[in-house]
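*Asks:* Dropping the structure in here first, questions after.
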Amino acid sequence: MKIEEAGLAQELCDFIREKGIVELYPPQEAAVKAGLLEGKSLVVSSPTASGKTLIAMVAAYAKAKAGRKVVYLAPLRALASEKYGEFSELARFGIRTAISTGDYDSSGESLGKADVIVLTNERFDSIMRHRVAWIESVGLFVADEVHLAGNDSRGPTLEMMLTRVMHMGLDAQILSLSATISNAPEVAEWLGSGLVQTDWRPVPLKEGVYDYGRVMFDDGEERSIPRTAYGPPVEVAMDTLREGGQALVFANTRRRAVSLATRAAELSQRFLSLEERKAASEASRRILASGEETSLSRLLAEIVGKGAAFHHAGLEPEHRKIVEDYYRARAIKVLAATPTLAQGVNIPARRVVIADVTRYDAEQGGNAGISVLEYRQMAGRAGRPQYDAKGETVIIPPPSQPASELLEHYANQPPEPIESRLSGEGAMRFHTLATVATSSGISKGGIDSLFGRTLLARRTGEGEMRKLTEGALGYLLGERLVESHGDLFYPTDFGRRVSILYVDPATGVAFREAVRKAEEGRDYTTGLLRVVAETPDFEPKFPLRSKDYEQAMAYLEEHASEMIRRPTTREFSEYDRVLQGMRTVMALGGWIDEWTEDQLLSRLGVEPGDLHRAVDNADWLLHALTEVARLFARQDIAGQADLLRRRVESGVGRELVELTSLQGVGRVRARALYAAGFRTLEDLKEAPADRLAAVGKVGAAVARRIKEQVSRR
């Protein structure tokens, strides 16, 4: 179908044509024919790069021009940022786009000024708890990556969020976008949507498996691969570089991703053109110039300069972004990544090499085979539209598994159906509290009516669903988060605040108990870090390694006076439990004691990306702890928690908190200013700009910004 035949406005046709598109892809044509522009709710299930974003953009344009708001929901912040950039292009039509991915204690009411609002699933869930007025004006909800409803961690929120949207009875279209899933008809029926399902890809996919020096493809082709000391994943990656392609290698651990990228770098540099070599050197310099320099960032910069890279959650976000940008620019030829990349931003390659088909399974206590759905997510990255005539995926089998059987399983078996993950105790109490807290009194029947519309209820039946809500209500009543009057349930002040703060009710209870047990007049710095780190909401947790035991015991003993409850060696099980969490506490403690990222990496094995995730999480949880302390009139604990939050936010000792309140003054500049005798904002206000500029790491431009800020205070 030509784009002019789809019934689109001429200005939108011109916009699409500028992107080099003159005909709609089959999934896009099918969506239009299924009623996309008439406001019909749809589930679009099709492979990666088959044009789902354009489907959403066309629907968003139609709704915004009709005066209705659009909410675009993404599972990850990185994906939300990518979609914000794409939808911001609609500004040429007078359509304003906004984004919000955090700050759950903010109502989000101001977002209503925009026409298209891009949110993470969790941010939208928190906005619904604030009951913002603009939700009534939403005419289109786009749920990206809806197959993640079957994900253990993110699935329950996505499922409940969509259930609430349907239960609210809004006159709104729901457009759900998904990779290929086997039970798409069931998901569409749950969402009350029509189904557009296709396996069409813009670039055909060849699937293969490595077998002792050759790759066997599913179309019968065999390809010889020169064997070297670098190992099959690197050898298979290099084979596609020889033909001018790029390779994306998926590894099952961070360490393996780093190892594969390091080995690939010894060969990849010979495939760089002169311009690509210059771009790779530029990327290397940018990595070293951004963030703190660590052994990890130095290694990344070194191999990026040779045309290879690794990508995992342990890297600083800015470094991941640099790697992604220069991979897209083809200056990085081989990218070794953990599977999380397959769920995030769009990074296509001519050949995807799946170096490992097993993952560690904590429940089984060993390695287990990856799912077909996970394989499909990774394989979906193969083939770059406008660049490649075909995409290829090659599995590297473990020695014990016949190659042909592995290819048959992953290439020909349907992906696993989406299964609800809502039934866990944590998810049920979290979303049951939200249901009560956003009501003005709700009956058990009202709660069951909402949960009865979930995907879980479709599978388990209403009777089992009622048992789950009953169990969750029992916990909430017992912990005084909810109270009942007659046949109705109401949130207590405590329960309402916990729900708005967007923390697990069990986290709220842990905070309340800590506040109650804390004595007045004592410093609880390390104890509050421990309280936060032990909550179910804190991640990532850093398990204690065998070599950390003595250090952890010494740290616990050194800071015993700061603990709200001090375990003793006589209570061995409790003592050991606390000890197991002490590496996390030590990491946060080292951060606020101004350890560098390299020191945290070398001393505790905490990688920069994980550190920043922990810092962000601790920042939010310390805010929640502060609010709980205020609710229970413990201003002393609230003050300690708030000061600790600001220390965690900047990674500084308490004496630098005032200085780091200034924009552009981080931990390094604050320490330099403090050492030079500028210890308060008043000191900075009185000092001449040239004296501030003379301080190391400051300079004239930063000095001017400092003077401008302190003059306004």
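*Asks:* Quick one: putting +1 on the C-beta of Lys and Arg, -1 on the C-beta of Asp and Glu, what dipole do you get for the chain around its Cα centre, in Debye to the nearest 20?
*Replies:* Numbers: 93 positive and 100 negative charges, 305 e Å.
Charge dipole of the chain: 1460 debye, to the nearest 20.
*Asks:* Sticking with this one: Please name which of Pro156, Val32, Trp620 has its Cα lying farthest along the dipole of the chain towards the positive end, using unit charges on Cβ (Lys, Arg +1; Asp, Glu -1) and the Cα centre as origin.
*Replies:* Trp620
*Asks:* Let me ask you something else. Compare the peptides 385-393, 459-467 by average per-residue count of other Cβ atoms within 10 angstrom and give them in order, highest first.
*Replies:* Numbers: 385-393: 18.2, 459-467: 14.4.
Answer by packing, highest mean first, reads 385-393, 459-467.
*Asks:* I need the shape label for the chain. Rule: rounded when a/c is under 1.5, else prolate if a/b > b/c, else oblate, with a, b, c from the alpha carbon gyration tensor. If you can, show how the numbers build up before the last one.
*Replies:* Details: a/c = 1.45, a/b = 1.16, b/c = 1.25.
Rounded, since a/c falls under 1.5.
*Asks:* A follow-up question, please. Students often check this: by mean Cβ neighbours within 10 Å, which of 404-412, 29-37 ranks highest, and how do the rest follow?
*Replies:* Numbers: 404-412: 16.4, 29-37: 20.0.
Output ranking for 404-412, 29-37: 29-37, 404-412.
*Asks:* Please report, ordered by residue number, every helix of the chain (full DSSP H runs) that is 30 Å or longer along its axis going by C-alpha atoms and whose mean Kyte-Doolittle hydropathy reaches -0.5.
*Replies:* Values: long enough: 608-631 (34 Å, -0.08).
What comes out of the filter, once short or polar helices are dropped, is 608-631.
*Asks:* Send over the semi-axes of the stretch 292-406's equivalent ellipsoid, whole angstrom and largest first, taken as the square roots of 5 times the C-alpha gyration tensor eigenvalues. The partial results should precede the final answer.
*Replies:* Numbers: eigenvalues 131, 79, 31 Å².
Semi-axes, largest first: 26, 20, 12 Å.
*Asks:* Relative to the Cα centre, what is the charge dipole magnitude of the stretch 496-570, using +1 at the beta carbon of each Lys and Arg, -1 at the beta carbon of each Asp and Glu, and rounding to the nearest 20 debye?
*Replies:* Working: 13 positive and 13 negative charges, 62 e Å.
Charge dipole, the stretch 496-570, about its Cα centre: 300 debye, nearest 20.
*Asks:* So what's the back-of-envelope 222 nm ellipticity for the chain, counting only DSSP H runs of four-plus at -39500 (n - 2.57) apiece and dividing by all residues, rounded to 500? Present the calculation step by step, with values, prior to reporting the outcome.
*Replies:* On the way: 31 runs with 338 residues, N = 713.
Value at 222 nm, helices only: -14500 deg cm²/dmol.
*Asks:* Run through the DSSP bridge list for the stretch 276-400 and note the antiparallel percent, rounded to the nearest 5.
*Replies:* Percentage antiparallel, nearest 5: 30.
*Asks:* Placing +1 on the Cβ of each Lys and Arg and -1 on the Cβ of each Asp and Glu in the stretch 270-357, which of Gly291, Ala342, Ala308 has its Cα farthest towards the positive end of the resulting dipole?
*Replies:* The listed residue farthest towards the positive side: Ala308.
*Asks:* May I ask you to derive the relative contact order of the chain, considering only C-alpha pairs under 8 Å and at least 6 residues apart, and to give it as an integer percent?
*Replies:* Numbers: 1219 pairs, mean separation 75.2, N = 713.
Relative contact order here is 11 percent.
*Asks:* So in the stretch 213-360, what percent of DSSP beta bridges are antiparallel if you round to the nearest 5? Don't skip to the answer; put the middle values down first.
*Replies:* Working: 3 of 15 bridges.
Counting only bridges with both partners in the stretch 213-360, antiparallel ones make up about 20 percent.
*Asks:* Out of all DSSP beta bridges in the chain, what portion is antiparallel? Express it as a percent rounded to 5. Don't skip to the answer; put the middle values down first.
*Replies:* Details: 17 of 65 bridges.
Around 25 percent antiparallel, to the nearest 5.
*Asks:* Once amide H atoms are placed 1.01 Å from N in the peptide plane, what residues at a sequence separation of 5 or more from Val249, or on another chain, have their amide H within under 5 Å of its amide H?
*Replies:* Here the answer is Leu335, Ala336, Ala337, Val353, since their amide H atoms fall under 5 Å of that of Val249.
*Asks:* Using a ≥ b ≥ c from the Cα gyration tensor of the stretch 3-197 (square roots of the eigenvalues), is it rounded, prolate or oblate, where a/c under 1.5 gives rounded and otherwise the larger of a/b and b/c decides, a/b for prolate? Kindly include the intermediate steps, with their values, before the conclusion.
*Replies:* Working: a/c = 1.61, a/b = 1.18, b/c = 1.36.
Oblate is the answer for the stretch 3-197, as a/c is 1.5 or above yet b/c matches or exceeds a/b.
*Asks:* So, one more: Sort 159-167, 696-704, 228-236, 303-311 for me by packing, meaning the mean count of neighbouring Cβ atoms within 10 Å per residue, highest on top.
*Replies:* Working: 159-167: 22.0, 696-704: 15.0, 228-236: 18.8, 303-311: 27.8.
Ranking, from highest mean packing down: 303-311, 159-167, 228-236, 696-704.
*Asks:* Let me ask another. In straight Cα distance, which lysines are under 22 Å from Lys697, not counting same-chain residues fewer than 8 positions off?
*Replies:* Counting by Cα, and skipping residues close in sequence, Lys697 has these lysines nearby: Lys685, Lys707.
*Asks:* Taking the Cα centre as origin and putting +1 on Lys and Arg beta-carbons and -1 on Asp and Glu beta-carbons, what dipole magnitude results for the stretch 430-470, to the nearest 20 debye? Write down the numbers at each step before the final one.
*Replies:* Values: 6 positive and 4 negative charges, 21 e Å.
Dipole about the Cα centre, nearest 20: 100 debye.
*Asks:* Take the cross-link list Lys65/Lys113; Lys2/Lys333; Lys69/Lys321; Lys40/Lys467; Lys40/Lys65 and give me the ones stretching past 24 Å between alpha-carbons.
*Replies:* Working: Lys65/Lys113 15 Å; Lys2/Lys333 35 Å; Lys69/Lys321 30 Å; Lys40/Lys467 34 Å; Lys40/Lys65 17 Å.
The pairs that break the limit, which is 24 Å between Cα atoms, are Lys2/Lys333; Lys69/Lys321; Lys40/Lys467.
*Asks:* Looking at the square roots a ≥ b ≥ c of the eigenvalues of the Cα gyration tensor of the stretch 659-711, which shape do they give, rounded for a/c under 1.5, prolate if a/b is larger than b/c, or oblate?
*Replies:* Values: a/c = 1.15, a/b = 1.10, b/c = 1.05.
Taking the square roots of the gyration eigenvalues as a ≥ b ≥ c, the stretch 659-711 is rounded.
FYI, it's all coordinate maths here, none of it is from the lab. For clarity, every value in this text was computed on a predicted model and none was experimentally measured. Virtual Cβ from ideal backbone geometry, glycine too; neighbours counted across all protein chains shown.
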